[in-house]
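Encoded as C-alpha cells, the structure appears first; notes follow it.
The values are calculated or read from the model by the stated rules, or taken from the named source; none is laboratory data. Everything quoted here is computed from the prediction, not taken from an experiment. With ideal geometry, Cβ positions are generated from the backbone for all residues, glycine too; neighbour counts draw on all protein chains shown. When the accessible area is computed, the model is the full protein with side chains, heavy atoms only, and any ligands, DNA or RNA have been set aside. Shrake-Rupley method; radii C 1.70, N 1.55, O 1.52, S 1.80 Å.
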Amino acid sequence: MTTRTRETTRLKPHWSSIFENGTGARLYPYLMVMPAILIAIGVVVYPVVSGITSAFYDVTLRTLNSGDMPFVGMRNFERVFADPNFMRASLNTVIWVVLNVVAQLGLGLALALLLHRIVPGIGFFRSGILVPWVVPSVVAVLTWRWMYDPSVGIVNEMLVRLGVINDYHPWLGDTATALYAVTVESIWKGTPFVMLLLLAALQLVPKSILEAASMDGASGWRMLWHVILPQIRVSFAIAAVLTFILTVNNFNAIWLMTEGGPLNSSEILFTLAYKYGFQRFDLGRASAVATMLFVGLVIATTIYLKLIQAKEAD
Amino acid sequence: MSTSSSTRETARDRSTASLRRRRTPKWVRMALLYAGLWAAFIWCVFPFYWMIATSLRAKDEIFARPPSIVPHAITLQNYVDLLIGAQFWRFALNSLFLTLSVTVISVLLSVTAGYAMARHRFKGSVMLPLFMLYGQMFPPVLLLIPFYIQLKFLGWLDSLYGLIPVYLSYMLPLCVWLMRGFFAQVPHSLEDAARLDGCTRWQAFWRVILPMARPGIVAVATWVMIHTWNEFLYASTFILSERNRTLPLGLSGLIGQYTTDWGMLMAGGVVTAAPILLIFFFLQKHLVAGVGGGAVKG
C-alpha cells in the first residue's frame, strides 16, 4: 500500500518539480521571499527614504498641489530649533521616556518576581495582570480619561477618600500634572508586557543557583541584586530598549487624553511632529522632527539587535 | 575600625538575618505574597472593571457625585443605544474588513518568506531577517508623511483600501520575523523524510511543513488581527469621512467638545475590546510563547 502511493507520487510529474535542480533550484528561495520583500520595499523602505528626503524640501499643501517642491537645505531644521515648543517637547520627551522606562522596568520586575512562584491561584493572578496589555490601547486611554474626569472621576474620588487631596483636581487640564497623569496610564498599559519578558527570563534561571544562594544565607535584596539580576541581565536590557522604543512611539495615550495640551505642557516630539504635519500641514518641518526621532530610534534598535544576538550567543 | 571586626559584624548580620528569616513563619510570607498579588491584580484590573461598571449604569448615575464603586442599578440602555445606531455597525464592518484583508495578505506573504529565511541559504538570508526587525522599529510618524503624500497622489485618501498597504508596512516585517522563528523550530528530519518519499521541495513545504507549523501561523495571524483591530494613528490621519471610520476611530469620535456620553463610550469600549479579549484568553499560551520567541510590539 505505502509503496504504491510512493511510486505514484514519484511518477506523477508536479509543476513544482522545476525547482528541483538547475536554475529553478537556485531561484527557488528568491521566489519564496520575493513577494514579501517587494511589498516591504514599497511600504517600508521607499516611505522611509522619501520621509527623510522631504525633511529637506518645502512640503506644504500648496507646494504639494502645484507639484513643485523647492529644496530648502537645512531650513526646516532651523525652523524647528527656533520654535520654543520644540525645546519644550524635547524636555517633555526626556521626562516621558525616563519615567516610563524606569517605572515599567521596576514594576515589571516586581510583578515578575511576584508571579514567578507557583502558588495556588497563580494562573488567575497572571491572567488578571495581563489585562492592561490585552485591552486595545484606544479603549484603555479613553477609560483612563474618563477616570480622570475633573467633576465625577473615580481617581479624584479615591484620592479624596484616601486623604491625598482635599478637592477634585483636573488632572489632565492642569499644565503641572497633565504629562504625569498620562504617564500613569502609559505605565499601567506597558508594565504587563515588561513583566512577561522578565517572567520568561526568570523561568530560565536554574533552580540550583537560587538554592545555593539561599543556603549561603543571601536574602531578599542581596539575592535579587547579586544573584537574580545578573542572571537575567540580557533580557532586562532588551526589555529596557523595547520599552524605550514603544514609549517614544506612544502616540495614542497623549493624543487621546490631552492632544499635547494644555499649553503644550504634555507635548512630546511625536505629537509635535504630528501637529506640524497634520494641523498646520507643514509636512517638511514635520519630517525634520520625524527624522531626528528616527535617528534616535535607529541607534536604540541597533543596541537592541546587538543584545538579541548576545542573548542567542548565551 | 579594623577589617576583622567589620567582617565579624557582617558575618553576625548575616547569621541574624538568616535566623530572622527562619523565624518568619511560612504563613506570614505567604500572606505578604498574596497581599502583593492582590494589590497588583486590583491595580491592573480596576480600570477595566470601571469601564464595564460605567457601561452598565444609567445616565444620571454616571454623572452622580460622588461616584460609587458598585453600580446601584444595572441597565443595558447604553448598549441598546450603541447597537441601535447604524454608525456602530458600519464602523464594526469597516474594522472587520480591514482586519481580515490585512491578516490574509500578510500571512500569505510572510509564510513563504519566513520559511525560506529559516531553511535556505541564499544571498541576503542573514541580512533580510535583521532588516525585517529594523522595519518594525521605524517611527510611525516618519512613515506617516510619505504615506499621506502618496495616498493623496493616488487618490486613496479616505479609503479603506488605501489603509491596507499602510497597515502592511506596520505588520509585514514583524510577521516575517515571527514566521522565521516558528519554521526554525520545525525539525529538519520531517522535511528530509518527505523528500525521500518523492515530494518536491514545494510539496514538502506545502504538505508537510506548513501543517506542522500551524500553531505558529495561528499565533502570527492573531497578532496581526489584534494590532489591525486596535490601530488608531494611521486610521485617524487618513480616514476623513465618518462612514469610513474604524471602531477605535468611531470610539474617539464619541468624545464631544463639551459633553461626552461616557456610558455609551464605555459600552463601545467593552464591545471593541471583547473580541480581542476572547481571542487572547482562548489562545493565551501561543501568544505568550510568541513574545518569548522575539515579538517586538507591546
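Quick look at the values:
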{"item": "Filter result for A:LEU307 (facing chain B (nearest Cβ under 10 Å), crowded, with 17+ Cβ neighbours inside 10 Å and of a type in the set (A, V, I, L, M, F, W, C))", "result": "no"}
{"item": "Output for the range A:194-221, where each listed residue is touching a Ser or Thr at 6+ places or on another chain (Cβ under 8 Å) and touching a residue at least 24 places away in the same chain (Cβ under 8 Å)", "result": "A:VAL194, A:LEU197, A:LEU198, A:ALA200, A:ALA201"}
{"item": "Hits in the range A:38-60 (condition: within 7 Å of chain B (Cβ to nearest Cβ) and either over 20 Å from B:ILE145 (Cβ atoms) or hydrophobic (A, V, I, L, M, F, W, C) (or both))", "result": "A:ILE39, A:ALA40, A:VAL43, A:VAL44, A:VAL48"}
{"item": "Cβ-Cβ under 6 Å pairs, at least 6 apart or on other chains, the range B:178-196 side within 12 Å of B:VAL111 (Cβ to Cβ), far side among the small types (Gly, Ala, Ser) and outside any helix (DSSP H, G or I)", "result": "B:PHE182/B:ALA213; B:PHE183/B:ALA213"}
{"item": "Given (1) open to solvent by less than 20 Å² (accessible area, probe 1.4 Å); (2) away from chain A (no Cβ under 12 Å), number of the condition B:PRO211 does not satisfy", "result": "(1)"}
{"item": "Residue match in the range A:219-238 (condition: open to solvent by less than 10 Å² (accessible area, probe 1.4 Å) and not in a loop (DSSP other than H, G, I, E, B))", "result": "no"}
{"item": "Any chance B:LEU247 is within 7 Å of chain A (Cβ to nearest Cβ) and modelled with pLDDT of 90 or more", "result": "no"}
{"item": "Any chance A:ALA240 is touching a residue at least 60 places away in the same chain (Cβ under 8 Å) and under 27 Å from B:GLN136 (Cα atoms)", "result": "yes"}
{"item": "Subset of the range A:261-306 [small (Gly, Ala, Ser), touching a residue at least 40 places away in the same chain (Cβ under 8 Å) and under 24 Å from A:SER54 (Cβ atoms)]", "result": "A:GLY284, A:SER287, A:ALA288, A:ALA290, A:GLY296, A:ALA300"}
{"item": "Matching option when the condition is touching a residue at least 40 places away in the same chain (Cβ under 8 Å), more than 10 Å from every other protein chain (Cβ to nearest Cβ) and either assigned to a loop (DSSP other than H, G, I, E, B) or within 20 Å of the chain's Cα centre (by Cα) (or both), among B:VAL220, B:VAL271", "result": "B:VAL220"}
{"item": "Residue that is nearest to A:VAL182 (Cα to Cα), among those in the range A:72-94 that are open to solvent by less than 50 Å² (accessible area, probe 1.4 Å) and hydrophobic (A, V, I, L, M, F, W, C)", "result": "A:ALA89"}
{"item": "Checking B:VAL111 against (1) touching a Phe, Trp or Tyr at 6+ places or on another chain (Cβ under 6 Å); (2) at pLDDT 90 or above, the condition it does not meet", "result": "(1)"}
{"item": "Looking only at the range A:177-209, and only at residues there that are facing chain B (nearest Cβ under 10 Å) and of a type in the set (Gly, Ala, Ser), the one that is farthest from A:VAL152 (Cα to Cα)", "result": "A:ALA201"}
{"item": "Single residue of A:LEU107, A:LEU130 found to be open to solvent by 20 Å² or more (accessible area, probe 1.4 Å), under 23 Å from A:SER235 (Cβ atoms) and within 19 Å of the chain's Cα centre (by Cα)", "result": "A:LEU107"}
{"item": "Helices (runs of 4 or more DSSP H) wholly inside the range B:122-186 containing at least 1 residues that are at pLDDT below 85", "result": "B:127-137, B:160-185"}
{"item": "Test: residue in the range A:63-71 that is within 11 Å of chain B (Cβ to nearest Cβ), touching a helix residue (DSSP H, G or I) at 6+ places or on another chain (Cβ under 7 Å) and surrounded by 15 or more Cβ atoms within 10 Å (Cβ to Cβ)", "result": "yes"}
{"item": "Qualifying residue in the range B:85-108 (condition: farther than 30 Å from B:ALA267 by Cβ, within 9 Å of chain A (Cβ to nearest Cβ), part of a helix (DSSP H, G or I) and open to solvent by less than 20 Å² (accessible area, probe 1.4 Å))", "result": "yes"}
{"item": "Unmet requirement for A:PHE278, which otherwise passes all of (1) buried (at least 20 other Cβ atoms within 10 Å of the Cβ); (2) farther than 25 Å from A:TRP188 by Cβ", "result": "(1)"}
